[in-house]
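Structure record follows, encoded as structure tokens.
The values are calculated or read from the model by the stated rules, or taken from the named source; none is laboratory data. The structure presented is a predicted model; accordingly, all values stated were derived computationally and were not measured. Please note: Cβ atoms are built from the backbone with ideal geometry, for glycine as well, and neighbour counts cover all protein chains shown.
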Amino acid sequence: MTKIQNRIKRHRRIRAKIKGTAERPRLSVFKSNYHLYAQIINDDEGKTLVAASGKEIKLKNQTKKTLAYEVGKLIAKKAVEKSIINVVFDRSGYKFHGIILELTRGAKEGGLKF
């Protein structure tokens, strides 16, 4: 199996256990080769409440980890403005280190609780 197929299998296992509600929506992460995306989703209604991506952030000398940290802070800021504090984290099958870890650090420092 390829890396992508393994990630998709992990993602399906995770999504079978995680569900976002109105009281505690789901923070979902997706990373492409160049960008990082984060969304806060209410699965009961099937609506995205807040979204942020690395495209919105302009930093000089940015690394992927610093960009992920800033995306985490940005999504937390947007969520707190909409009075969303408690979320369920959905790592989308990615391993919890590196960029995903930095995104969660930024989100926690921004005020989100997992």
Exercise. Within the range 61-78, is there a residue that is in contact with a strand residue (DSSP E or B) (Cβ under 6 Å, 6 or more places away or on another chain), basic (Lys, Arg), free of Cβ contacts under 8 Å to residues at least 60 places away in the same chain and closer than 20 Å to GLY106 by Cβ?
Worked result: yes
For this session: Of the conditions (1) under 29 Å from GLN5 (Cβ atoms); (2) modelled with pLDDT under 95, LEU101 clears all except one; give me its number.
Result: (2)
Exercise. Are any of the residues in the range 81-94 touching a helix residue (DSSP H, G or I) at 6+ places or on another chain (Cβ under 9 Å) and more than 25 Å from ARG12 (Cβ to Cβ)?
Worked result: yes
Problem set entry | Condition met for ASP90 (on the phi < 0 side of the Ramachandran plot and over 14 Å from the mean Cα position of the chain (by Cα)) | no
Exercise. Of the conditions (1) of a type in the set (A, V, I, L, M, F, W, C); (2) without any contact (Cβ under 8 Å) to a residue 24 or more places away in the chain; (3) surrounded by 17 or more Cβ atoms within 10 Å (Cβ to Cβ), PHE96 fails just one. Which one is it?
Worked result: (3)
Exercise. Here are some residues: ILE8, ILE4, ILE40. Which one is more than 14 Å from GLY106 (Cα to Cα), touching a residue at least 12 places away in the same chain (Cβ under 8 Å), of a type in the set (Val, Ile, Thr) and surrounded by fewer than 17 Cβ atoms within 10 Å (Cβ to Cβ)?
Worked result: ILE8
Exercise. Which of the residues that make up the range 1-30 are closer than 11 Å to GLY93 by Cβ and either charged (D, E, K, R) or in contact with a Cys (Cβ under 8 Å, 6 or more places away or on another chain) (or both)?
Worked result: LYS3, ARG7, LYS9, ARG10, ARG12, ARG13, ARG15
For this session: Say whether the condition of being within 14 Å of the chain's Cα centre (by Cα) and polar (S, T, N, Q) is met by at least one residue in the range 34-44.
Result: yes
